[in-house]
Number of protein chains: 2
Amino acid sequence: MNLILLHDSDFINPSRVRLSGRRFSHIQDILKAECGQILTVGKINGFMGQGTVVSQKADSIELEVKLDNKPPQALALTLILALPRPPMLKRILFSAAMLGVKKIIILNFNRVEKGLWNSSSLRPEAIEEQLVLGLEQAKDTIMPEVIIKKKFKPFIQDELPALIKGKQALVAHPGSNKGDGHILSLNKMCPSPLLTTLIVGPEGGIIDHEIELLKAAGCQTLDLGPRILRTEYVLPYVVGRLLEFS
Amino acid sequence: MNLILLHDSDFINPSRVRLSGRRFSHIQDILKAECGQILTVGKINGFMGQGTVVSQKADSIELEVKLDNKPPQALALTLILALPRPPMLKRILFSAAMLGVKKIIILNFNRVEKGLWNSSSLRPEAIEEQLVLGLEQAKDTIMPEVIIKKKFKPFIQDELPALIKGKQALVAHPGSNKGDGHILSLNKMCPSPLLTTLIVGPEGGIIDHEIELLKAAGCQTLDLGPRILRTEYVLPYVVGRLLEFS
């Protein structure tokens, strides 16, 4: 937790918050903060700044806050993600929020295990938990939007083309440099990290028919080299590449 | 498991292996392989190729193997890593092996919790397990070397300078663009991924005195931007950047 994220309901007056629970424990036990100590804070979807410890009780702490810094710029990358198994979903949501992704679409693919759609890790509060942890790690305050799409074909045919119009849409797809005519060299990538949509398929891979539909919708396949990266590492790897040019 | 990694002891004759245990279960239960099916295999520290299922028993399977492909090129990056907590260590070892790192030095830092040095995750077999999983994920066969250094200062002063001579050594260090005179713009990075050493400190950060010793040994600090990345994502992010130029 490199930043303590504040909710509207934490404010007991415009410049003072009272925290209990997880954030209280962190400030007390990990940061071992004392009265007068200054902590980095930020308001969800608002500004960041400093919080000075002004009162400590057995189960809560009060901070006097001054919020006058803008959060870091959003990463202008939309992530479209095949629903992974719960531990992986948690880590990808965390890392996407950490990296500054502000729009995440969780999508069905042929090789997504159907039972995963009933997972409790898809509940709004479970999703929000990981996003908050990612923002706290990165020092950011702007909550990403997460959209769930359980039907692949209608989304790809009816919604994706408008979403990616005039932008680049990349499908991470190992082996796509082998004669499919749609090689996108990473060195020739759009020189801006802006306006990119990255599509990361399921662990078992994206089937040919899905690749055809994605291409028909305007996507290009992207081969990340001979090594097959586990899905949770594709996003940081690609973001590292894209940001090179910024 | 995108490749089944074979040990010397698996070979019952020069072109035939018998597998049991974890790899047998994977082939049987996940891949649901039948006689005649061809699987991707590779010999540890050797060639990769195809394995054809030729016999299936209740607790073992035999493959006829043909090994005639070189593994992918090594990533010429040495990782020096502050010992993290066990779950993070596992994931970083996995990801380093997956990304093609062949030399990993696990080092003490001031903010490494001392008790971690007794962790069972540092046992050779625990380390090897994660490296094998990373190679199987990536489709690679060359085992990384892992070296453990429990003393920071002697390593930095006596061994590091020779290790990085004529190469670039980068210390991931958030906030290092604030007036320390050693900014290394990522855009001005060495155009080759070769000959890089990346130093990733502990979660709590690298203390000033350690930064001074690292600089004196020839390292440059590297600021990855306003977001603080969790240590396990620094490596894929930086590798994504470095490889851009290759």
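The values are calculated or read from the model by the stated rules, or taken from the named source; none is laboratory data. Source: prediction; values computed, not measured. Neighbour counts are summed over all protein chains in view; Cβ atoms, including those assigned to glycine, are modelled from backbone coordinates with ideal geometry.
Among the residues making up the range B:214-231, those that are more than 7 Å from chain A (Cβ to nearest Cβ) and under 26 Å from residue A:133 (Cβ atoms) are B:222, B:223, B:224, B:225, B:231. Number of residues in the range B:10-43 that are aliphatic (A, V, I, L, M) and surrounded by fewer than 16 Cβ atoms within 10 Å (Cβ to Cβ) equals 4. Residues of the range B:204-246 that are of a type in the set (Gly, Ala, Ser), part of a loop (DSSP other than H, G, I, E, B) and more than 21 Å from residue B:93 (Cα to Cα): B:217, B:218, B:225, B:246.
Of all the numbered requirements in (1) assigned to a helix (DSSP H, G or I); (2) touching a Pro at 6+ places or on another chain (Cβ under 9 Å); (3) modelled with pLDDT under 90, residue A:187 misses one, and that requirement is (2). With respect to (1) assigned to a loop (DSSP other than H, G, I, E, B); (2) at pLDDT 90 or above; (3) away from chain A (no Cβ under 14 Å), the lone exception for residue B:176 is condition (2). On inspection, residue A:238 qualifies as within 14 Å of chain B (Cβ to nearest Cβ), surrounded by 22 or more Cβ atoms within 10 Å (Cβ to Cβ) and modelled with pLDDT under 90.
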